[in-house]
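Trainee: One structure follows; several queries about it will come next.
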Amino acid sequence: MRIVVTGGAGFIGSNFIRYMLKRYPDYTLINYDKLTYAGNLDNLREVEHLPNYRFIQGDIADAGQVEQTLASCKADAIVHFAAESHVDRSIMEPDQFIRTNVVGTHRLLEAARKQGIARFIHISTDEVYGSLGAEGFFTEQTPLAPNSPYSASKASSDLLVQAYHHTYGLPVCITRCSNNYGPYHFPEKLIPLMITNALEGQPLPVYGDGLHVRDWLHVEDHAAAIDLVLHDGRAGEVYNVGGNNERTNLEVVQAILSQLSLPISSIRYVADRQGHDRRYAIDASKLRSELGWRPKYAFDEGLAETIAWYRTHTAWWQRVKDGTYRHYYELQYGSNQGAI
Ligand code: NAD
Ligand code: DAU
């Protein structure tokens, strides 16, 4: 199988490429990525020498380049990760989220339709469902009710993907996953930010009361789910992916501090995220019963492995935390946010 992976230099895309090349040595994986601040070819050093891996630098919103790439690659499938992915950045500057997540997805769908691509897997998020109260889970039937510019752009792209299936018969599947964690996670997101700040002796900025709940899934379990949907998912269907690992942010941060033998006083409570969704929790029973998916990682074990990875890959995250990252960090956590 020849697979074009968009956004393959990011966190989940690079983990997916490594997973697939290991599991299917006879497949060809073509990574099409713009290399934004979040794209990093260091994530793929282990596989870049392989003859069945290829990198093409390109923008999904560039219709000409997308069409040319798909025409030349003769791909059987597209797995579409490329996106602007960070909620806080979408609150600061939404424009790029609309351009990449909505317009870019549309350009890709159009090119896929013209090429007659046999499989289009759209990687979406549980955030399209909005926020839950204390009880209940998101199912595939939960109405879309996105709250942030990021999640609204992802919901918009989901609707376009579904429209291309309904109108043109494009064989699409959509996956909607909960929060991922694991190696190569960009340190703007909660877990890698907290681990790397702790290792640097910096304060750990928790938004609001810290009682917001996320449902954590190891990135390798997500890659395994996408693998199943790619091969056996029914065209036109949505599959939720989640690990039943609900934790408050405070519980996650406390677990990191405890594993690093650091005091709770390292936490700095800061102003809450605007429009902050209170709780996400996924019902993944469709993926389990239809495709036999089972997550491998218990959260505590996955978190310990992840902390160990960041301890032994300081050069990777120190490089990432330099340059433009510092500017973003100052804007997000500097004097205008202040401790509360
Ligand atoms: P990421 O920010 O780490 O990586 C995004 C990648 O997309 C980067 O390599 C970037 O260079 C590339 N990219 C951005 N704009 C592009 C463009 N216009 N053209 C081509 N490439 C472009 O993101 P991630 O955390 O790996 O998330 C990947 C996908 O999974 C996203 O679609 C996201 O919405 C979804 N998702 C993420 C999570 C999570 O917890 N991180 C959970 C569920 C779903
Ligand atoms: O649910 C899936 C989504 O998970 C994906 O679609 C997004 O791409 C991904 O970024 C993630 O979104 P979240 O907003 O849930 O993840 P983030 O790591 O930014 O935040 C997790 C929780 O931690 C959230 O409640 C906000 C809080 N938080 C985050 C940061 C960065 C803090 O308290 N402090 C922080 O500094």
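Trainee: Across region 155-169, what is the number of residues that are touching a strand residue (DSSP E or B) at 6+ places or on another chain (Cβ under 6 Å) and either of a type in the set (Phe, Trp, Tyr) or open to solvent by less than 10 Å² (accessible area, probe 1.4 Å) (or both)?
Mentor: 2
Trainee: Pairs, please: C-beta under 6 Å, at least 6 apart or cross-chain, first residue surrounded by fewer than 21 Cβ atoms within 10 Å (Cβ to Cβ) and in region 133-154, second β-branched (Val, Ile, Thr)?
Mentor: Going by the 6 Å Cβ cut-off, the qualifying pairs are GLU140/VAL238; LEU144/VAL128; PRO146/VAL128.
Trainee: Does any residue of region 84-98 turn out to be hydroxyl-bearing (Ser, Thr, Tyr) and more than 16 Å from the chain's Cα centre (by Cα)? Walk me through how you get there before you give the answer.
Mentor: Here is the first cut: in region 84-98, the residues hydroxyl-bearing (Ser, Thr, Tyr) are 85, 90.
Filter again for more than 16 Å from the chain's Cα centre (by Cα), leaving none.
No.
Trainee: If a residue must be within 8 Å of ligand 1 (Cβ to nearest atom) and in contact with a Leu (Cβ under 7 Å, 6 or more places away or on another chain), how many such residues does region 36-76 contain?
Mentor: 1
Trainee: Which pairs turn up if I take residues in region 171-190 that are closer than 22 Å to THR36 by Cα and more than 10 Å from ligand 1 (Cβ to nearest atom) and look for partners that are among the aliphatic types (A, V, I, L, M) and open to solvent by 10 Å² or more (accessible area, probe 1.4 Å) with beta carbon separation below 8 Å, at least 6 apart in sequence or on another chain?
Mentor: PRO187/VAL320
Trainee: So, one more: Check whether at least one residue in region 276-290 is under 20 Å from PHE16 (Cα atoms), open to solvent by less than 80 Å² (accessible area, probe 1.4 Å) and part of a helix (DSSP H, G or I), and report yes or no.
Mentor: Yes - at least one qualifying residue is present in region 276-290.
Trainee: Does region 292-303 contain at least one residue that is among the aliphatic types (A, V, I, L, M), over 20 Å from the mean Cα position of the chain (by Cα) and assigned to a loop (DSSP other than H, G, I, E, B)?
Mentor: Filtering region 292-303 for residues among the aliphatic types (A, V, I, L, M) gives 298, 303.
Still in the list and also over 20 Å from the mean Cα position of the chain (by Cα): none.
Taking every residue of region 292-303 in turn, none turns out to be among the aliphatic types (A, V, I, L, M), over 20 Å from the mean Cα position of the chain (by Cα) and assigned to a loop (DSSP other than H, G, I, E, B).
Trainee: Take SER261 and tell me if it is of a type in the set (Ser, Thr, Tyr) and either open to solvent by 70 Å² or more (accessible area, probe 1.4 Å) or farther than 30 Å from ALA224 by Cα (or both).
Mentor: Here the answer is yes, as SER261 does meet what is asked.
Trainee: Identify all residues within region 191-215 that are within 16 Å of ligand 1 (Cβ to nearest atom) and open to solvent by less than 10 Å² (accessible area, probe 1.4 Å); write none if there are none.
Mentor: Keep residues of region 191-215 that are within 16 Å of ligand 1 (Cβ to nearest atom), which gives 191-196, 212-215.
ILE191, PRO192, LEU193, MET194, ILE195, THR196, HIS212, ASP215, listed by residue number.
Trainee: Could you tell me which of the residues ARG268, ARG326 is modelled with pLDDT under 95 and over 21 Å from the mean Cα position of the chain (by Cα)?
Mentor: Only one candidate qualifies: ARG326.
Trainee: Identify the residue in region 22-39 that is under 12 Å from GLY8 (Cα atoms), in contact (Cβ under 8 Å) with a residue 40 or more places away in the chain and not aromatic (Phe, Trp, Tyr) and, among all such residues, is surrounded by the fewest Cβ atoms within 10 Å (Cβ to Cβ). So that I can check it myself, show each step before the final result.
Mentor: Here is the first cut: in region 22-39, the ones under 12 Å from GLY8 (Cα atoms) are 29-36, 38-39.
Of the ones still in play, those that are also in contact (Cβ under 8 Å) with a residue 40 or more places away in the chain are 30, 32-34, 36, 38.
Right, trim to not aromatic (Phe, Trp, Tyr) and you get 30, 33-34, 36, 38.
Values: ILE30: 23, ASP33: 26, LYS34: 19, THR36: 17, ALA38: 21.
Within region 22-39, the match that is surrounded by the fewest Cβ atoms within 10 Å (Cβ to Cβ) is THR36.
Trainee: Residue by residue through region 304-323, note down the ones that are of a type in the set (Val, Ile, Thr) and over 20 Å from the mean Cα position of the chain (by Cα). Spell out how you get there, then give the answer.
Mentor: Step one: of region 304-323, the residues of a type in the set (Val, Ile, Thr) are 306-307, 312, 314, 320.
Hits for region 304-323 are THR312, THR314.
Trainee: Same structure, new question: For region 79-102, state whether one or more residues are touching a residue at least 24 places away in the same chain (Cβ under 8 Å), more than 9 Å from ligand 1 (Cβ to nearest atom) and closer than 23 Å to LEU21 by Cβ.
Mentor: yes
Trainee: Looking only at region 244-258, which residues are open to solvent by 10 Å² or more (accessible area, probe 1.4 Å), in contact with a helix residue (DSSP H, G or I) (Cβ under 7 Å, 6 or more places away or on another chain) and either at pLDDT below 95 or among the aliphatic types (A, V, I, L, M) (or both)?
Mentor: If the condition is that a residue be open to solvent by 10 Å² or more (accessible area, probe 1.4 Å), in contact with a helix residue (DSSP H, G or I) (Cβ under 7 Å, 6 or more places away or on another chain) and either at pLDDT below 95 or among the aliphatic types (A, V, I, L, M) (or both), then ALA255 is the only one that fits.
Trainee: Go through the residues of region 281-296 one by one and say whether even a single one is touching a Gly at 6+ places or on another chain (Cβ under 7 Å) and without any contact (Cβ under 8 Å) to a residue 60 or more places away in the chain.
Mentor: There is at least one residue in region 281-296 that is touching a Gly at 6+ places or on another chain (Cβ under 7 Å) and without any contact (Cβ under 8 Å) to a residue 60 or more places away in the chain.
Trainee: Mind telling me which of the residues ILE78, ILE123 ends up being crowded, with 19+ Cβ neighbours inside 10 Å, more than 16 Å from ligand 2 (Cβ to nearest atom) and outside any loop (DSSP other than H, G, I, E, B)? Write out each step before concluding.
Mentor: Working: ILE123 fails: more than 16 Å from ligand 2 (Cβ to nearest atom).
Of the residues listed, the single one that is crowded, with 19+ Cβ neighbours inside 10 Å, more than 16 Å from ligand 2 (Cβ to nearest atom) and outside any loop (DSSP other than H, G, I, E, B) is ILE78.
Trainee: When you scan region 139-225 for strands (runs of 3 or more DSSP E) that lie fully inside it, which ones turn up with 2 or more residues that are over 26 Å from GLY104 (Cβ atoms) and at pLDDT 95 or above? Let's see the steps before the verdict.
Mentor: Numbers: elements: 172-177, 204-207, 213-215.
Ranges flagged: 204-207, 213-215.
The values are calculated or read from the model by the stated rules, or taken from the named source; none is laboratory data. Remember, it's a predicted structure, so these values are computed and weren't measured experimentally. Methodologically, a virtual Cβ is constructed for each residue, glycine included, from the backbone with ideal geometry; neighbour enumeration extends over all protein chains shown. Ligands, DNA and RNA are excluded from the accessible area calculation, which covers all protein heavy atoms including side chains. Shrake-Rupley method; radii C 1.70, N 1.55, O 1.52, S 1.80 Å.
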